Each structure stands twice: as structure tokens, then as C-alpha cells.
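The values are calculated or read from the model by the stated rules, or taken from the named source; none is laboratory data. Here the structure is a predicted model, which is why all the values come from computation and not from measurement. With ideal geometry, Cβ positions are generated from the backbone for all residues, glycine too; neighbour counts draw on all protein chains shown. Note: accessible area is taken over every heavy atom of the protein model, side chains too, but ligands, DNA and RNA are not part of it. Shrake-Rupley method; radii C 1.70, N 1.55, O 1.52, S 1.80 Å.
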Amino acid sequence: MQTTLPLADNVFSVTQITELISEILVTSFKFITIEGEISNWRPSSAGHIYFTLKDDTSQIRAVMFRGAAYGLSFRPKDGDKVRCTGSISVYAPQGNYQIIVSKMEASGSGNILQMIEERKKKLNAEGLFSAERKKKLPSYPDTVGVVTSPTGAAIRDILNIAKRRNPSVNIRLFPAIVQGDEAAQTIVKMIETANFYNLCDVLIVGRGGGSLEDLLPFSEESVVRAVAASRIPVISAVGHDIDWALCDYAADVRAATPSAAAELAIPLKTEIYDSINTYKKELFECITRNVETKRLLIRSFTPDSFETRFRTIQQPLLNRFDNARQQLKDNMNKKINDTRTFIQNSRIILENASPQTIFNRGYSMVTDAEGNIIRSASQVAEGNEIHIKPSQGEIKARVIQSK
């Protein structure tokens, strides 16, 4: 059926143009099949399912009512690639068009999830998700930094929790775009700024809930690397409990929501006071015990017991002194006796080697007229004058014969 359009110069009300568009779409697309990737999958309590079908450049809203949803042969989720058969309708109150799905079939893995999974494997192989890289959160931070949208619900939730848990903790906002093409760049810049100027003790990076593509900036490689390289401990808080992003794996701690991240980062002021009071009590009890022990020890030092204790300490020292003195005396006597014996032996040796001792045995020394000692008969000739020195006196003689 072909609808005849009114003349271009007619003036329509919003309702009239909406009805006209609805008639064209409904009559032209009564039964169609669309292939796309599921995003923002939201089952309702009534059993109906609301979601978005998308490809690389476009998206269309979709609804699957309870009766049709009961006939599903698999459990769809964000990122699944599916083929949906149904009809186009227009929701007049909001001026939106959508497909009412009567049948859904799986059509392979979604491009976004496949891309994220491949990126996850690559970064994990580089060790960016290693547990050894994780840093411990500070127990008592003075300043908590938050990289998120300044107008989003995440920062409001964090501020409310900070005010309730510990108003003394400063919250420093690093405003960033958290959705769209420029989001990753601003998130990285804020993380690097916080680290370069050391502007906080712990850093919360995240945003509130959203569709798979809304959360995609937190899975960008540049963001994951910036989180992993941060010297400041990072808490990743992206979306709700069921949502995951790659920066969750690189962060030091992953929180289910921004509110949960605030709970992790900001200690309760009452708990701090309780801890201080506990430590104060333990310190006081420890000092009291030590003082009492010293008091009991001092009481045991009476004049009589003091002398006894002194003698007990002194006596072993005196014994050691007496033993040392006797040992020194014995060593000195031994040294003197050894030296005396050595001198006596040396004197005997010297006396035995003395020329006079040799002369006393009957030996004499013979020299020529010039005083040279004669050791051989060949040194003198017949008629030479010689001098003979016995033990006593001196004899002059002349050689009669020399052989």
C-alpha cells in the first residue's frame, strides 16, 4: 500500500506528522529480519525485554514481549550478534521508532565483545593484569581522586558517601569525558595528571552504568595502559556489578560500582576513632604492666638484700680476678726460670768455646815473627823465629827442622 503524502506547504501538528510517519513505516515494514549486535540488554520484571540492535554506524531500538521471549532457545546478552524478525512500530509519545521482535536467532559473536576479548588476551600476555603488579590501597588516605564526568551520577554518589563516612577526606575531581570518541583520551590525560603532580593518595576511575558501547572507552588500550602504569593505587569502578571493562583487570582493585569504590577508598571515621581508642587502651595497659613490674622489682631491693645481691655479683668477679692474678704470677715465674736456664746454658757454651779453656787443656798457639798464626809446617822454614803461646806465659823459639 502506498501512502499519498500531503502537499509540502501544509502545516502539520506533531501528532499528525507522527501518525503519518507511523503509517508509512508500519505499512512498509510489516515483516522484516534485521541482523545486528545486541546492546543494553534490559529484561523487565514483567517478562518483556528491551534492547538495542547496532552495527558499526547505526542502531535501532527493539522490544521483545513476554510471549515471544518465552520461545527463545538461548540466553542473549550484550555483544551477541543476532537476527531478529518482526515489524517496525512508532512510539508516538517519544517520537521513536523500534522493531517489535517476534523471533530471534543467534548469528555469531558480536564485534565489540570479540574485539575486547582479543585486546584482553594481548594485554594479559604483556603482564598488565598480573597480580604482582597490584598495589595495596592506603589505609588512611588524605585525598581521594576521582576520574569521571563532573555531571554524572558517579561523582554525586561518591561525594555523598564521602560526606557520610569521613568528611575529613578530601575528594579531588579530575573531570573527564566518559563516553564517545574523545573519552579515552581525556581519561588517560587525567590519570597522567594525577600521577605527575601526585595530587591524591588513591584514584577512582569509572562512571555509572550504560550500554556496552557506552562503557567501551574504559576498555581502550590507552586507558588500560594508563591504569596499569599509575604509581597511585587505582580502583576501577565502571558501570554496575554485572558490567566489566578491561581497566578492571589492570586496576589494583575492582569495585562493582562507583559507590562501592568510595566505600573501599574512604575509611569510616568512627572506625578510625575506635581503632585509636583500642590502641590507646592497649598502650595504657602495657605501660601499667611495665610500671608495676618495675615497682615490684624495686621493692625487693632492701639494704640487706642489696648487700647480698652485691656480694653475689662481686664474688664471681673477685674469683676471676684472683685466678687471673695467680695465673699471671705463675706465667711470670715460668718465664723467669726459662730465661735463667737459657742464660746458664749459653754461658757454658761460651765458656767451652773460649780460647783460654782450650789452652788449659794443653793446647798452644804458634805464630811467626809477624804474628801470623802457623797452621801448617809449610808456613815456616829452618831457622825462622816462632812464638809459642801455651796456657801460661810465652815461648820464643827457632825452627831447627820443618817437614
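How would you order 308-320, 85-97 from highest to lowest mean count of nearby Cβ atoms within 10 Å? Let's see the in-between values first.
On the way: 308-320: 10.2, 85-97: 14.5.
Sorting 308-320, 85-97 by mean packing, highest first, produces 85-97, 308-320.
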Anchor K280: lysines whose Cα lies under 25 Å away (excluding residues fewer than 8 positions away in-chain)
K269, K294
Over 24 Å (Cα to Cα) - which of K135/K189; K77/K103; K54/K77; K30/K54; K77/K189 fall in this group
K77/K189
With a cut-off of at most 15 other beta carbons within 10 Å, and DSSP calling the residue loop, which trypsin sites (Lys or Arg not before Pro) in the stretch 111-161 qualify? Please list them.
K134, K135, K136
Out of residues 5 or more away from R172 or on other chains, whose amide H comes under 5 Å of its own, with H placed 1.01 Å from N in the peptide plane?
V144, G145, V146
Of every hundred units of 1.4 Å-probe accessible area on the chain, the number belonging to carbon and sulfur atoms, as a percent, is 55 percent
Take the alpha-carbon centre of the stretch 306-385, take the same for the stretch 43-97, and report the distance between them in whole Å.
122 Å
Excluding residues fewer than 8 positions from K122 in its own chain, the lysines with Cα under 21 Å of it are K134
Probe 1.4 Å, protein heavy atoms only - accessible area per residue of the stretch 43-91 in square angstrom
58 Å²
Shape call for the stretch 151-193 from the C-alpha gyration tensor, a ≥ b ≥ c root eigenvalues: rounded (a/c under 1.5), prolate (a/b greater than b/c) or oblate?
oblate
Label corresponding to mean projected area of the Cα convex hull in nm² when calculated from the structure given, among (i) 23.8; (ii) 60.5; (iii) 21.4
(ii)
To test your reading of the geometry: what angle, between 0 and 90 degrees and rounded to tens, separates the Cα axis of helix 269-299 from the longest principal axis of the chain?
30 degrees
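What does the highest-first list of 143-149, 258-264, 168-174, 333-339 look like by mean Cβ count within 10 Å? Can you show the working numbers first?
Numbers: 143-149: 24.6, 258-264: 22.7, 168-174: 16.3, 333-339: 10.0.
Ranked from most to least packed, the peptides come out as 143-149, 258-264, 168-174, 333-339.
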Determine ³J(HN,Hα), in whole Hz, for all residues of the stretch 165-181 in sequence, where each value follows from phi through the Karplus function 6.51 cos²θ - 1.76 cosθ + 1.60 and θ = phi - 60°; x replaces Gly and Pro.
7, 6, x, 6, 7, 7, 10, 10, 8, 10, x, 9, 7, 10, 7, x, 5
Long-range HN-HN contacts of L212 with modeled amide H, under 5 Å:
N40
Max mean-square fluctuation residue, GNM over the chain, Cα-Cα springs under 10 Å, options L159, L328, L123:
L328
Between R299, R325, R66, find the one with the highest GNM mean-square fluctuation for the chain; connect C-alpha pairs within less than 10 Å.
R325
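In terms of the Cα gyration tensor, with a ≥ b ≥ c the square roots of its eigenvalues, is the stretch 1-104 rounded because a/c is under 1.5, prolate because a/b exceeds b/c, or oblate? Please report the intermediate quantities before stating the final value.
Values: a/c = 2.23, a/b = 2.14, b/c = 1.04.
The shape class here is prolate.
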What the Cα atoms of the stretch 246-403 span along the principal axes, largest first and in whole Å, is 140, 71, 19
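Can you give the accessible area per residue of the stretch 127-241, in Å², using a 1.4 Å probe?
Accessible area per residue: 47 Å².
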